[in-house]
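K.L.:
I'd like to ask you about the structure that follows.
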Amino acid sequence: NLHSSGYIRGFKIINGYAPEYIDQWGYNNGEVGGAIVGFNINLSIDSCIINNNIALTYGGGIFSSACSLKVLYSDIQNNNGSGIYCIGDGSLNILHSNILYSSGYGIETDGMSPNKIAQCQISHNLLGGYFQQAPVVDSIIETSFKYNQDYAVAYRSGGDHYLESCVI
């Protein structure tokens, strides 16, 4: 039930710090989204550099909750926390982008489906390249998962997973 949309193109977002996030019910959900935070929105991020941002809880680079998130031709690097963290209903599409050197996972999702990752480089992330916590449908095509410390791709639950022409 997405009510609005946003488009971010050609920005450099560097050295951001996530403030404490108190949700609509007054619960402290920690510090999320060092550079970009999206809630219940169609959000496209195109040709951006998201570098050296900090979120102590989730999403050093990007935090998305109940969004349709598209990341295109962007570099997400050196973020404290996962490069991209998505939770709740919605979908995730990452195309022609680099997600490198995160202190968490390159991409971490919980409940987003369907997901598509294509022609990306996801490497040198401390906890792993891609971690999916809930049953989903996803496609990963022509993507490189080199040099992630723990694992390249991991799934906690079931779902339908399609990997084609990837380097792991």
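K.L.:
Tally up the carbon and sulfur contribution to the accessible surface of the stretch 23-116 as a whole percent, 1.4 Å probe, everything protein left in place.
P.N.:
Taking all protein chains in place, the stretch 23-116 shows 47 percent carbon and sulfur surface.
K.L.:
Please calculate how many Å² of accessible area the chain carries per residue, with a 1.4 Å probe and no DNA, RNA or ligand atoms counted.
P.N.:
That works out to 47 Å² for each residue.
K.L.:
Sort out for me the Cα centre separation of the stretch 57-93 from the stretch 99-168, rounded to whole Å.
P.N.:
Rounded to whole Å, the Cα centres lie 12 Å apart.
K.L.:
Here is a follow-up. Starting from the Cα-Cα distance between ILE141 and GLU20, subtract it from 0.36 nm times their residue separation and give me the gain in nm to one decimal. Could the numbers behind the result be given before it?
P.N.:
Details: separation 121, 0.36 × 121 = 43.56 nm, distance 3.58 nm.
This chain segment gains 40.0 nm when fully extended.
K.L.:
Also, I was wondering about something else. For VAL167 and TYR7, compute 0.36 nm times the residue count separating them, minus their Cα-Cα distance, and round to one decimal in nm. Walk me through the numbers on the way to the answer.
P.N.:
Details: separation 160, 0.36 × 160 = 57.60 nm, distance 3.05 nm.
Difference between extended and current length: 54.6 nm.
K.L.:
Using Stokes-Einstein with the Kirkwood hydrodynamic radius over Cα pairs, what translational diffusion coefficient do you get for the stretch 61-153 at 25 °C and a viscosity of 0.890 mPa s, in µm²/s rounded to a whole number?
P.N.:
Numbers: Rh = 12.4 Å.
This corresponds to a translational diffusion coefficient of 198 µm²/s.
K.L.:
Residues in the stretch 39-59 near a label at ASP89, defined as backbone nitrogen under 16 Å from the 7 Å Cα→Cβ point?
P.N.:
It comes to 39-43, nothing else.
K.L.:
Oh, and also: Given a 1.4 Å probe and heavy atoms of the protein chains only, how would you sort TYR7, TYR130, TYR101, largest accessible area at the top?
P.N.:
So the residues, ranked largest to smallest area, are TYR7, TYR101, TYR130.
K.L.:
Which of the aspartates and glutamates could be linked to LYS70 by a straight reach, that is with a Cα gap under 15 Å, when you skip same-chain ones fewer than 8 residues away?
P.N.:
ASP46, ASP89, GLU108, ASP138
K.L.:
Over the Cα atoms of the stretch 118-168, what Rg and Dmax result, in angstrom?
P.N.:
10.5, 26
K.L.:
What translational diffusion coefficient, in µm²/s and rounded to a whole number, does the Stokes-Einstein relation yield for the chain at 4 °C and a viscosity of 1.567 mPa s, taking the hydrodynamic radius as the Kirkwood radius over Cα pairs?
P.N.:
Answer, rounded: 85 µm²/s.
K.L.:
Let me ask something else. Among DSSP bridges having both ends in the chain, what percentage is antiparallel? Round to the nearest 5.
P.N.:
5 percent
K.L.:
Can you give the accessible area of SER82 in Å² (nearest 10), computed on protein heavy atoms with a 1.4 Å probe?
P.N.:
Estimated to the nearest 10 Å², SER82 gives 10 Å².
The values are calculated or read from the model by the stated rules, or taken from the named source; none is laboratory data. Quick caveat: nothing in here was measured; it's all calculated off a predicted structure. Every residue, glycine as well, gets a Cβ built from its backbone with ideal geometry; the counts of neighbours run over all protein chains shown. SASA here: full protein model, heavy atoms, side chains in, ligands and nucleic acids out. Shrake-Rupley method; radii C 1.70, N 1.55, O 1.52, S 1.80 Å.
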